[in-house]
Amino acid sequence: MHMLHPFACTPLLLTCLLLFFGHIGCSQTSTETRNLLPVPAQVKWGVSRFVLKNTWRTQLNAPVTPDSAVRAAAQRLNTWLVQQINEKRLTPEFTSSGAADLTIRYGRPGRMEAGDEERYSLRVTPAGIALDAPTSLGALRGLETLRQLLTKDKKNFYFPEADITDQPRFGWRGLLIDAARHFMPVAVIKRNLDGMAAVKLNVLHWHLSDDQGFRVESKTLPRLHEVGSEGQYYTQAQVRDVLRYAAARGIRVIPEFDMPGHATSWLAAYPVLASNDSTYGVAQRWGVLNIAMDPTRETTYQLLDTLIGEMTALFPDPYFHIGGDENDGRQWRRNPRIVEFMKTKGFVTEKGQPDKHALQTYFNRRILELVTARGKKMVGWDEILGAGLPPSAVIQSWRGRKGLYEAAKAGHATILSNGYYIDLNYSAATHYLNDPLPADAPLTAIEKQRILGGEATMWAEFADSVIVDSRIWPRTAAIAERFWSPATVTDVPDMYRRLGGISALLETLGVQHRRAPEKLLTQLAAGREMAPLRTLASVLEPVKEYKRHFQGMQYTTQTPLNRLVDAAPAESDAAREFGIAVENLLRLRQNAPQTAIALAAEAKVAAVAVATPLRQWQLNDALVRPLLLAQPSLEEYAPLSAQLSSISALALERLRQMEKGEKPPVAWQTAALKQLDVAKAPAGQAELAVVASVRKLIESK
Ligand code: ACM
């Protein structure tokens with residue numbers, strides 16, 4: 001089916017005419033986002049729909065050299081549609097001629113490189129759907145949009161009438177998965193690739209080596225995986241399988257082999273790499289170890305060249321990440337031979353001290369030569385930026401936005417990760433409002449073009465293969481929108497509304513961010529009634545940033561991540577929704593003249609929305625306490641449950657005062673605020689996420 005004028009003779013035309021006569025141009029792009037995430041560049045909604053019938057025919061108009069990825073993606077969409085519709089009444093088929101429900105056309109196979117075209121147009125009319133794109137990559141992105149358009153009413157599944165033209169704001173939209181700190185089996189990577197594809201992310205940055213593990217089979221330097229992985233590594237066949245899986249979804253895979261620091265696992269395998277005469281085991285503890293390779297020996301570069309040769313051949317992406325972060329050079333300064341080398345080469349500061357940065361830049365330049373000789377572009381963390389680093393190196397900025405701008409000014413292509421550290425357990429909104437290229441960025445037009453995009457980083461000290469999905473999703477979808485959608489798309493409440501829908505969608509695709517914590521709670525409940533434990537977990541969050549390292553528990557690589565803190569969401573929906581209800585109530589009270597009856601009624605409804613969860617939380621302690629006290633692994637959370645009950649009672653008391661038009665008595669308020677200070681204290685590396693909102697209630701006049 002070919003649609004020259006997709007909206008001709010449809011009810012939309014009528015709407016347009018009506019809108020026209022009502023002085024609203026029908027060509028105007030809608031800001032209505034519905035369920036789409038990321039929001040497309042341009043959407044015009046119609047008033048009609050394409051209703052799914054028993055047959056669902058897809059026609060693929062492939063170019064001269066067809067790209068099997070698009071057909072496979074259409075096939076996956078079909079399978080998913082059948083699953084969603086759930087009544088076995090949908091029979092998908094591919095057709096090469098005649099009428100089709102979905103017609104996909106694209107110009108050429110997309111090149112799996114940064115910046116190849118991903119734009120597409122998607123037109124849904126009652127008569128059929130047309131997806132057009134210059135490349136297969138655009139067709140893949142458009143199919144994901146179509147998936148998100150699927151809607152159900154009482155009788156039917158349908159796609160709403162729409163005319164979408166879409167393209168990404170940034171060509172580099174990544175997710176880093178750290179498979180070194182905790183090994184992430186192939187199935188974990190694959191299901192997260194499905195999640196990435198669903199929200200149009202296009203780069204998997206695979207962090208494959210660190211102090212705690214070297215995770216890829218090396219045929220040239222086998223001790224790297226034999227010794228360095230402690231048995232947990234990807235075979236090269238598995239790597240190729242993942243690469244195929246990613247490519248089929250239009251996702252590039254960039255491997256990271258972190259050097260010269262974050263490399264203790266390499267030193268365990270090849271002690272010749274070390275900067276001193278120590279021998280090392282694979283690291284079992286977390287933290288910045290400041291153990292580094294010896295950058296002065298030629299044997300180091302010979303070994304690295306062998307590995308780079310092998311790994312650049314295994315990973316086809318044009319980019320190759322060498323890490324380069326967090327080495328303070330203490331091992332270099334403590335080795336007289338290395339200090340002598342630095343002096344000989346003139347790597348000294350103005351005060352004549354050995355200059356670690358100069359030595360690391362020397363190392364980076366040597367590695368850059370090796371990587372470039374293999375036809376690859378080198379990427380490194382922002383520490384590699386330094387005088388003398390050629391502009392062909394790509395800089396990934398994690399320590400601050402400053403590094404991003406400095407890199408762009410110095411001529412480097414750059415990627416932003418600062419502000420997208422999802423392992424810190426910040427809210428989706430925090431990440432969402434962090435723009436790689438804000439309007440006030442102090443850069444020229446050419447410098448701005450060097451900002452390729454950004455990456456969310458899933459560092460895995462506190463995420464194993466079971467719960468990692470729940471640390472990535474759904475928050476990473478908000479970041480994906482920041483990378484894809486126009487800069488003007490910044491409505492936080494609307495983002496959260498859509499994030500709820502995407503979160504559910506992701507589970508249908510196999511991502512386990514909801515299932516896995518639920519399973520963990522089931523295990524923790526050990527056969528007892530689970531609902532009260534779920535209620536408690538739903539208002540907890542793990543402590544933010546890296547505080548988990550410093551709260552009384554010594555984590556190692558062997559510490560199981562199966563406690564209540566691990567089942568708690570990185571961002572509590574219940575707490576966020578409660579926060580909105582509190583804000584709403586306080587706003588209504590502030591704005592409303594006390595006499596306005598309608599508003600008073602609205603405020604009553606708002607008060608119920610606040611009181612309902614509070615009552616549940618107040619009563620929950622009695623229900624969950626027997627379980628917490630019966631399970632040694634849960635006992636540490638008993639104080640949080642008790643505090644939740646206490647502060648809920650205080651908040652309910654404040655609501656009663658409000659209802660009677662009373663101000664909070666001063667002594668009562670003082671005592672209540674003290675109680676809130678106590679409730680803020682974490683236990684078991686988790687904290688109550690509702691304290692700040694309860695405080696607003698208690699403090700309100
Ligand atoms: C980093 O977080 N050390 C790149």
| Do the conditions hold for residue 566, that is, is it modelled with pLDDT of 95 or more, among the acidic types (Asp, Glu) and more than 30 Å from residue 419 (Cβ to Cβ)? | no
| message | Within the range 402-416, does at least one residue satisfy the condition of being modelled with pLDDT under 95 and either away from the ligand (no atom under 14 Å from the Cβ) or under 21 Å from residue 468 (Cα atoms) (or both)? | response | yes
| task | Among the candidates 128, 98, 142, single out the residue that is among the small types (Gly, Ala, Ser) and either touching a residue at least 60 places away in the same chain (Cβ under 8 Å) or in contact with an Asp or Glu (Cβ under 6 Å, 6 or more places away or on another chain) (or both). | result | 128
| Members of the range 362-400 that are within 16 Å of the ligand (Cβ to nearest atom), touching a residue at least 60 places away in the same chain (Cβ under 8 Å) and within 22 Å of residue 313 (Cα to Cα) | 379, 394
| field | Residue in the range 292-330 that is nearest to the ligand (Cβ to nearest atom), counting only those that are β-branched (Val, Ile, Thr) and in contact with a strand residue (DSSP E or B) (Cβ under 8 Å, 6 or more places away or on another chain) | value | 322
| Of all residues in the range 320-341, how many are under 24 Å from the mean Cα position of the chain (by Cα) and open to solvent by less than 20 Å² (accessible area, probe 1.4 Å)? | 6
| task | Filter the range 587-614 down to residues that are modelled with pLDDT of 95 or more and touching a helix residue (DSSP H, G or I) at 6+ places or on another chain (Cβ under 8 Å), then give me how many there are. | result | 7
| task | Report whether or not residue 575 is of a type in the set (A, V, I, L, M, F, W, C) and part of a helix (DSSP H, G or I). | result | yes
| field | Selection within the range 354-377 - of a type outside the set (A, V, I, L, M), within 19 Å of residue 301 (Cβ to Cβ), open to solvent by less than 90 Å² (accessible area, probe 1.4 Å) and out of contact with any Lys or Arg (no Cβ under 8 Å at 6 or more places or on another chain) | value | 360, 361, 363, 364, 366, 372, 375, 376
| task | Kindly check whether there is at least one residue in the range 425-439 that is out of contact with any His (no Cβ under 9 Å at 6 or more places or on another chain), buried (at least 20 other Cβ atoms within 10 Å of the Cβ) and of a type in the set (D, E, K, R). | result | no
| Flag if residue 389 is under 22 Å from residue 209 (Cβ atoms) and either at pLDDT below 95 or of a type outside the set (Gly, Ala, Ser) (or both) | yes
| field | Flag for residue 165 being open to solvent by less than 20 Å² (accessible area, probe 1.4 Å), of a type in the set (Ser, Thr, Tyr) and either in a helix (DSSP H, G or I) or out of contact with any helix residue (DSSP H, G or I) (no Cβ under 9 Å at 6 or more places or on another chain) (or both) | value | no
| remark: Taking first residues from the range 277-293 that are open to solvent by less than 70 Å² (accessible area, probe 1.4 Å) and second residues anywhere that are within 12 Å of the ligand (Cβ to nearest atom) and of a type in the set (Lys, Arg), the pairs with Cβ under 8 Å that are 6 or more apart or on different chains are 286/181
| query | Among 235, 312, 299, which is modelled with pLDDT of 95 or more and within 23 Å of residue 345 (Cβ to Cβ)? | reply | 299
| message | Are there helices (runs of 4 or more DSSP H) fully within the range 598-701 with at least 3 residues that are touching a residue at least 24 places away in the same chain (Cβ under 8 Å) and in contact with a strand residue (DSSP E or B) (Cβ under 8 Å, 6 or more places away or on another chain)? List them. | response | 638-659
| request: Determine if the range 124-145 includes at least one residue that is modelled with pLDDT under 95 and open to solvent by 40 Å² or more (accessible area, probe 1.4 Å). | output: no
| message | Could you check the range 556-589 and list, in sequence order, the residues that are among the hydroxyl-bearing types (Ser, Thr, Tyr) and open to solvent by 10 Å² or more (accessible area, probe 1.4 Å)? | response | 556, 557, 559
| said: Being under 24 Å from residue 476 (Cα atoms) and of a type in the set (Lys, Arg) is true for just one of 604, 519. Which residue is that? | reply: 519
| Among the residues of the range 529-543, is any among the basic types (Lys, Arg), touching a residue at least 40 places away in the same chain (Cβ under 8 Å) and touching a helix residue (DSSP H, G or I) at 6+ places or on another chain (Cβ under 8 Å)? | no
| remark: Flagged in the range 626-645 as crowded, with 16+ Cβ neighbours inside 10 Å, aliphatic (A, V, I, L, M) and within 16 Å of residue 529 (Cα to Cα), in numbering order, are 627, 628, 634
| task | Consider residue 70 carefully, then state whether it is touching a strand residue (DSSP E or B) at 6+ places or on another chain (Cβ under 8 Å) and either open to solvent by less than 40 Å² (accessible area, probe 1.4 Å) or assigned to a helix (DSSP H, G or I) (or both). | result | yes
| Of all residues making up the range 445-493, the number that are of a type in the set (S, T, N, Q) and within 16 Å of the ligand (Cβ to nearest atom) | 1
| said: Whether any residue in the range 590-597 is more than 30 Å from residue 662 (Cα to Cα) and open to solvent by 10 Å² or more (accessible area, probe 1.4 Å) is what I want to check. | reply: no
| query | Can you find even one residue in the range 342-353 that is within 16 Å of the ligand (Cβ to nearest atom), surrounded by 18 or more Cβ atoms within 10 Å (Cβ to Cβ) and either in a helix (DSSP H, G or I) or modelled with pLDDT of 95 or more (or both)? | reply | no
| message | residue 243 - would you say it is closer than 30 Å to residue 137 by Cα and surrounded by fewer than 24 Cβ atoms within 10 Å (Cβ to Cβ)? | response | yes
| task | With respect to residue 546, determine if the residue is touching a His at 6+ places or on another chain (Cβ under 8 Å) and hydroxyl-bearing (Ser, Thr, Tyr). | result | no
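Here's the yes/no breakdown for (1) acidic (Asp, Glu); (2) out of contact with any Phe, Trp or Tyr (no Cβ under 6 Å at 6 or more places or on another chain); (3) surrounded by fewer than 24 Cβ atoms within 10 Å (Cβ to Cβ); (4) under 24 Å from residue 173 (Cα atoms):
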site: 198; (1), (2), (3), (4): no, yes, yes, yes
site: 227; (1), (2), (3), (4): no, yes, yes, no
site: 230; (1), (2), (3), (4): yes, yes, yes, no
site: 265; (1), (2), (3), (4): no, no, no, no
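The values are calculated or read from the model by the stated rules, or taken from the named source; none is laboratory data. For clarity, every value in this text was computed on a predicted model and none was experimentally measured. Note that each Cβ is placed from the backbone with ideal geometry, even for glycine, and that neighbours are counted across all protein chains shown. The protein model used for the area step is the full one, side chains on, heavy atoms only, and it has no ligands, DNA or RNA in it. Shrake-Rupley method; radii C 1.70, N 1.55, O 1.52, S 1.80 Å.
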